[in-house]
1. Out of the residues in region 48-67 that are of a type in the set (Ser, Thr, Tyr) and under 23 Å from the mean Cα position of the chain (by Cα), state the one that is farthest from Arg283 (Cα to Cα).
2. Tell me the residue from Gly218, Gly227, Gly245, Gly253 that is of a type in the set (Gly, Ala, Ser) and within 17 Å of Gly54 (Cβ to Cβ), please.
3. Quick test for you: out of Gly142, Gly156, pick the one residue that is part of a helix (DSSP H, G or I) and out of contact with any strand residue (DSSP E or B) (no Cβ under 6 Å at 6 or more places or on another chain).
4. Given the structure, is Thr177 buried (at least 19 other Cβ atoms within 10 Å of the Cβ) and polar (S, T, N, Q)?
5. Report whether or not Leu45 is in the same structural domain as Asp141 (by TED's automatic domain parsing) and either at pLDDT 95 or above or farther than 22 Å from Ala370 by Cα (or both).
6. Taking into account only those residues within region 322-352 that are in a loop (DSSP other than H, G, I, E, B) and modelled with pLDDT of 95 or more, which is surrounded by the most Cβ atoms within 10 Å (Cβ to Cβ)?
7. Looking at region 181-202, is at least one residue without any contact (Cβ under 8 Å) to a residue 24 or more places away in the chain, among the small types (Gly, Ala, Ser) and assigned to a loop (DSSP other than H, G, I, E, B)?
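The values are calculated or read from the model by the stated rules, or taken from the named source; none is laboratory data. It should be emphasised that the depicted structure is a prediction, and the values quoted were computed from it without experimental measurement. Positions of Cβ are generated from backbone atoms using ideal geometry, with glycine treated the same way; all protein chains shown enter the neighbour counts.
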Amino acid sequence: MTRPSLLHTLATARAERAADGRTRARRTVQQAEGVRVRIDGRELLNFCSNDYLGLAQHLAVISRLQEAAAWHGVGATASHLVCGHHLEHAALEQELAAFLGYPKALLFGSGYLANLAVLQTLLSSDDLCVQDRLNHACLIDGARLAGCALKRYPHGDAEAALRQLRTRPEAAALLATDGVFSMDGDIAPLQQLALVARSENALLYVDDAHGFGVIGPGGRGSVAAAGLNVRQVPLLMVTLGKALGGYGAAVCGAPEVIDAIAESARPYIYTTALPPALAAANRAALKAVQDEPWRRYHLAGLIARFSRGARRLRLPVVESSTAIQPLLVGDNAAALAASKTLEARGLLVAAIRPPTVPEGSARLRITLSAAHSDNDIDRLLEALASLGLGNRDSGLNAPTHGESSVRAETKAQP
């Protein structure tokens, strides 16, 4: 029997993706200035960045990055547990913990690494992990790598989460959810999930990548917005590459849990620490979140303006009160065509297709930033109106929660 060729398998899979309109291509950003980017020599108004507060090019943040690089060098040179843990790391961890109201924080290079670390450290083959079906891919991957029993409940259904936990009453359990879901922009029912976790003696873990810095009192995220704290949500993960405009992530929790992760998590032990200069820049961005609340207020106004306009135009948008405003198209080819039409009009809006989202729910994932203006929103709405999507009966608030079996596994891909 002839051994199959891995290269042939890859080529076949690529051809299948091309036939289904699912191939991906990187776009090279030649220059960025706020929400305006230059790609292929053209200036485009960007509506697909996660820079929700417009801090990626904040002058104070850039200045702090440059100053710290001159002082500390380019890289950390080692893992945190060898000699890579610098003063800037320690200060950022303390400031994040204090801001979020948690006893202690631990830095990671990315939210993906952080979620792998938490789940692999806390869970083993005898344990149970219950997750929202639309959780980010790294939460799913972390549970699978941990070797625990993984059960996923229908999106946002706290009662179903309770039922899943009760299937294994003898097992130690962790209940994990996104705070704000990255493809739909909706917020998890954290109060109900906290009650479920408490009733079943399960540890509630929230990935607040898209809520931190943007929603809740002072921008403290979805947990704070739900009126919860470390007692109800013992573990919280926040990323630094979205609302803060930088890079990295942090897990916050009780000292004994954070110390256990630092001592045992392979994604923490066996990787080089975040560059100290980036930690310094993240500190400056965190200060801007606190000192410049107008950014959140302006973003909230832009969200309201877009939502009103979308309703007026009867666009098929998913109901969302966050900076993530998905516009459902359905067909893969149609979503790509809509994205290209918008680009021809000077707007950069990403087309998101399966398996990142469920079959039949390809969409334009529109994201708003505090760096946008009212005129930018009006220009976007005018362009969207020209796509001819407003007459479709399946439009407003169409459900998107009938996830395909592979969605959560590959959700990190656009």
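1. So the first thing to find is which residues in region 48-67 are of a type in the set (Ser, Thr, Tyr), and the list is 49, 52, 63.
In the following step, the residues that additionally are under 23 Å from the mean Cα position of the chain (by Cα) were identified as 49, 52.
Working: Ser49: 21, Tyr52: 17 Å.
The qualifying residue farthest from Arg283 (Cα to Cα) is Ser49.
2. Working: Gly218 fails: within 17 Å of Gly54 (Cβ to Cβ); Gly227 fails: within 17 Å of Gly54 (Cβ to Cβ); Gly253 fails: within 17 Å of Gly54 (Cβ to Cβ).
After applying the criteria, what remains is Gly245.
3. Numbers: Gly156 fails: part of a helix (DSSP H, G or I).
Answer to the check: Gly142.
4. On the way: buried (at least 19 other Cβ atoms within 10 Å of the Cβ): yes; polar (S, T, N, Q): yes.
Yes.
5. Values: in the same structural domain as Asp141 (by TED's automatic domain parsing): no; either at pLDDT 95 or above or farther than 22 Å from Ala370 by Cα (or both): yes.
Here the answer is no, as Leu45 does not meet what is asked.
6. Applying the first criterion (in a loop (DSSP other than H, G, I, E, B)) to region 322-352 yields 322-323, 331, 345-346, 349.
Filter again for modelled with pLDDT of 95 or more, leaving 322-323, 345-346, 349.
Values: Thr322: 24, Ala323: 28, Arg345: 15, Gly346: 13, Val349: 26.
Taking the candidates together, the pick is Ala323.
7. No, that holds for no residue.
Let's see how each residue does on (1) touching a strand residue (DSSP E or B) at 6+ places or on another chain (Cβ under 7 Å); (2) without any contact (Cβ under 8 Å) to a residue 40 or more places away in the chain; (3) closer than 22 Å to Leu240 by Cβ; (4) not acidic (Asp, Glu):
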position	(1), (2), (3), (4)
Ala78	no, no, yes, yes
Leu87	no, no, yes, yes
Glu93	yes, no, yes, no
Ala97	yes, no, yes, yes
Tyr102	yes, no, yes, yes
Val130	yes, no, no, yes
Ala149	yes, yes, no, yes
Ala160	yes, yes, no, yes
